[in-house]
1. Subtract the Cα-Cα distance of residue 124 and residue 136 from 0.36 nm times their separation in residues, and report this length gain in nm to one decimal.
2. Residue 64 versus residue 25, label points 7 Å from Cα toward the beta carbon: distance in nm?
3. Normalised by the residues of the chain, what does the relative contact order come to in percent, with Cα pairs under 8 Å and at least six apart?
4. Between residue 41 and residue 115, 0.36 nm times their residue separation minus their Cα-Cα distance comes to what?
5. Output the peptides 102-108, 182-188 sorted from most to least packed, where packing is the average of other Cβ atoms within 10 Å over each peptide's residues.
6. What FRET efficiency comes out for the pair residue 34/residue 182, r = Cβ-Cβ distance, R0 = 41 Å, nearest 0.05?
7. How much length is gained on full extension from residue 154 to residue 88, taking 0.36 nm per residue of separation minus their Cα-Cα distance?
8. Given a cut-off of 28 Å, name the pairs among 88/185; 139/174; 139/185; 73/161 whose C-alpha atoms lie farther apart than that in the structure shown.
Amino acid sequence: MKLIMYVYLILMLVIMSCQKADENQPVTQNELIEKGEYLVTVAGCNDCHSPKKFTPEGPIPDGNLLLSGHPQKSELPPLDPESVGPGKWMLMNDHLTAFVGPWGMTFSANLTPDEQTGIGMWNEEHFINAMRSGKHMGKGRAILPPMPWFNLTHAKDEDLKAIFTYLKSLKPVKNLVPGPISPDKLGQM
Ligand code: HEC
């Protein structure tokens, strides 16, 4: 009887130490991608960064162009600069990828790993620093509204790493997003 108890105790110890080792296992690339996809989905990055398909239920992210930013070839409707500004309207296009407000006009960035037009040349540090500082690639110009980088500032490094790993795993889409237009230039569009 005593022997059975000892065997049982040793077995339990072995099982517990295995579980502990499992917890400390580094996450695999696939697990990181999966976590990143989950975070991107619940944080609503597709709302602004994915071109839309138009369905009777409303616009949904276009699975073929996921996170490729404001579609370069899409036409914008005419804009009356008098209707925007402080105390007036803020506007957006039908894809939810172009925005007008007191900051001028901005276009959501291409977050796919295309080297010329997306984040193909970015490393993890560029991404984390951009989300922490609100500056392009972490040291360039200010990232303008409505990009909610100030929310992502509170994300843990491991979560930002997962998001970046997922973005890098996407199908690269060649789509050159225009730079921002300052408020004084809106009338010349
Ligand atoms: C409400 C719309 C909106 C949402 C939601 C949004 N973005 Fe953005 N994002 C933008 C716009 C617009 C820009 C371009 C801003 C500019 O040109 O200054 C941008 C730019 C970026 C950039 C480029 C920054 C740089 O350094 O040039 C990255 C990276 C980015 N977004 C990642 C994300 C991620 C990841 C999420 C989800 C967690 C997200 N965005 C959610 C609108 C949005």
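Just so it is clear, none of the values below were taken in a lab; they were calculated from the coordinates. Everything numeric in this text was worked out from a predicted model, so none of it was measured. FYI the Cβ positions are ideal-geometry reconstructions off the backbone, even for glycines, and counts take in every protein chain you see.
1. 3.0 nm
2. That separation, rounded to one decimal, is 3.9 nm.
3. Reported as a whole number, the value is 25 percent.
4. Using 0.36 nm per residue and subtracting the Cα-Cα distance, I get 24.3 nm.
5. Per-residue Cβ counts within 10 Å, averaged per peptide and sorted highest first, yield 102-108, 182-188.
6. 0.55
7. Difference between extended and current length: 20.7 nm.
8. With Cα atoms farther than 28 Å apart: 73/161.
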